[in-house]
Amino acid sequence: AVKRTLCFQVSAALREGQITPTELCQRCLSLIKSTKFLNAYITVTEETALKQAEESEERLRRGQPLGVLDGIPVAVKDNFNTAGIETTCASNMLRGYISPYNATVVQKLLDQGAVLVGKTNLDEFAMGSGSTDGVFGPVRNPWSYSRQYKEKSAPKSHPEDKESKWVITGGSSGGSAAAVSSFTCFAALGSDTGGSTRNPAAHCGVVGLKPTYGLISRHGLIPLVNSMDVPGILTRCVDDAAVVLGLLAGHDPKDSTTIQDEFKPFELPNLPDVSKLSIGIPKEYHAPGLSSEILALWSKAADLFKKAGAKVIEVSLPHTRYSIVCYHVLCTAEVASNMARFDGLEYGHRSDTDKSTESMYAATRREGFNAVVRGRILSGNYFLLKQNYERYFVKAQQVRRLIAHDFSKVFGSGVDVLLTPTTLTDAAPYTEFIKEDNRTRSAQGDILTQAANMAGLPAINVPAALSERGLPVGLQFIGPSFQEKQLLTVAKWFEKQVEFPRIQLEEVKRHDHGVLQHQKSASFS
């Protein structure tokens, strides 16, 4: 049972004195510096992290650790409030903003003794699926610099093309996914509104969990879409995700949407059994644009379950085809409402324009928001106009209920877990990705993930294989509400079957061999 706890090898090394929290923190900070070219972090909290590590060291010396995370380096997406540390949402609107309080999930990590090494990069206000549209620049996928990708892509490219061949992380939690993938931290928080944790997890070869809506507090997460936002968890194995979930889940009096019942953390079985389960394959997820190799991988995964004795059946979610359009209406409508608070008066950027209050509002928002955010505000306000409200917003809410009903009907018929692709393709080269506008890219990136947010269901990406280009490809499991234990058990079984290869980052190996000795497997549990 002990071996199934988070970061067992590292936790054991810390408690046995093989390495101190300060040494481990210093090595992770060193890795952050050596992988700065990835642009995964907006803020590196070196001074704070070293102080937290020293405090952890003293607790461990006394034999009084705060919890399983004591001394373990973690990272947090830069749309979670952190007391005394800048929170920017990768936007000029909040550049320089320092929150007076911690988000609930951040506080829970710190209460366990976790060491916060930094705030990670994202699309501005989490609006995007590539982590390319933030004011601090795009995040680079660590797999762009892996031996696996280089061996596959090098023969087809000229030396001068290498710089343009790097691929995106996905988004909007691309910084967190890249941070975990590149060994600079052991777990990271993301946010998931339409797939923003699972999408980058698939592209970066890590586990990305979106819990049931209401299971984890949103207090202190700067909102995008209140009715769909969920804090997400990124780790390098399913067991680690389960442990972090156990630490973060539960009622929060500061968030009225969280569950009232007490949440009991669980351990996943060491030898999961899926023989008595029914796995659903939704036919609507065979979407236009789905690559042939992901389709083949999806089919192969279904065969693995069949061979293990599970019942694999095709199911239908008929309203899924309307989901992405419905999501666009609801998303932009809530964005328009949430972004109204950024007016230059209370906090954040304020324009120097002083002709009138109205002109100051307009100039502040024009200077503070990028074109993507302004575009979504414009769309959302259009849908919320009195003459459009019934036709668009109310209609989208009705369709959303039908989408949720489809899932309920399938799970009510005896299906335990749904198996789907996470993304249509592997990660695109940055130069190709930016040829299309943000709205088109987001629709393509979210098409297989956002329905779970619409229905409030738990879903997880599990790395499944490398593509023909040597890049990660993931598959998604979706479960009934609050059935995380069953969902994660199935995910763990699949993880064991596929044995996803560890990223081979030559630059990181050369720079700091010591860290990798304590992170030598794809997981740390």
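The values are calculated or read from the model by the stated rules, or taken from the named source; none is laboratory data. Because the structure is a prediction, the values reported are computed rather than measured. Cβ atoms come from the backbone with ideal geometry, glycine included; neighbour counts cover every protein chain shown. For the accessible areas, the whole protein counts, side chains as well, though only heavy atoms, and no ligand, DNA or RNA atoms are used. Shrake-Rupley method; radii C 1.70, N 1.55, O 1.52, S 1.80 Å.
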Candidates Ser144, Ser172, filtered to the one that is among the polar types (S, T, N, Q) and over 19 Å from Ala465 (Cβ atoms)
Ser172
Hydrophobic (A, V, I, L, M, F, W, C) and either under 19 Å from the mean Cα position of the chain (by Cα) or open to solvent by less than 30 Å² (accessible area, probe 1.4 Å) (or both): does that describe Leu69?
yes
Restricting the stretch 442-454 to residues that are within 14 Å of Pro288 (Cα to Cα) and not hydrophobic (A, V, I, L, M, F, W, C), which is surrounded by the most Cβ atoms within 10 Å (Cβ to Cβ)?
Gly445
Under the condition of being out of contact with any helix residue (DSSP H, G or I) (no Cβ under 8 Å at 6 or more places or on another chain) and farther than 24 Å from Asp406 by Cα, which residue from the stretch 253-262 is most open to solvent (accessible area, probe 1.4 Å)?
Glu262
Long-range neighbours under 6 Å by Cβ, at least six apart or interchain, first residue assigned to a loop (DSSP other than H, G, I, E, B) within the stretch 399-426, second among the hydrophobic types (A, V, I, L, M, F, W, C) and modelled with pLDDT under 95:
none
Flag if Gly214 is surrounded by fewer than 24 Cβ atoms within 10 Å (Cβ to Cβ), small (Gly, Ala, Ser) and modelled with pLDDT of 95 or more
yes
Which of the residues that make up the stretch 82-108 are open to solvent by less than 10 Å² (accessible area, probe 1.4 Å) and either touching a residue at least 60 places away in the same chain (Cβ under 8 Å) or among the polar types (S, T, N, Q) (or both)?
Thr82, Thr87, Thr88, Cys89, Ser91, Met93, Leu94, Ser99, Ala103, Val105, Val106
Among the residues of the stretch 403-415, is any open to solvent by 10 Å² or more (accessible area, probe 1.4 Å), in contact with a helix residue (DSSP H, G or I) (Cβ under 8 Å, 6 or more places away or on another chain) and within 30 Å of Ala465 (Cβ to Cβ)?
yes
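To keep it simple, each residue is scored yes or no on (1) in a helix (DSSP H, G or I); (2) surrounded by fewer than 21 Cβ atoms within 10 Å (Cβ to Cβ).
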residue	(1), (2)
Asp240	yes, no
Ser275	no, yes
Gly280	no, no
Pro288	no, yes
Ser299	yes, yes
Thr332	yes, no
Top-ranked residue of the stretch 339-370 - restricted to ones that are open to solvent by 60 Å² or more (accessible area, probe 1.4 Å) and touching a residue at least 40 places away in the same chain (Cβ under 8 Å), ranked as farthest from Pro223 (Cα to Cα):
Glu367
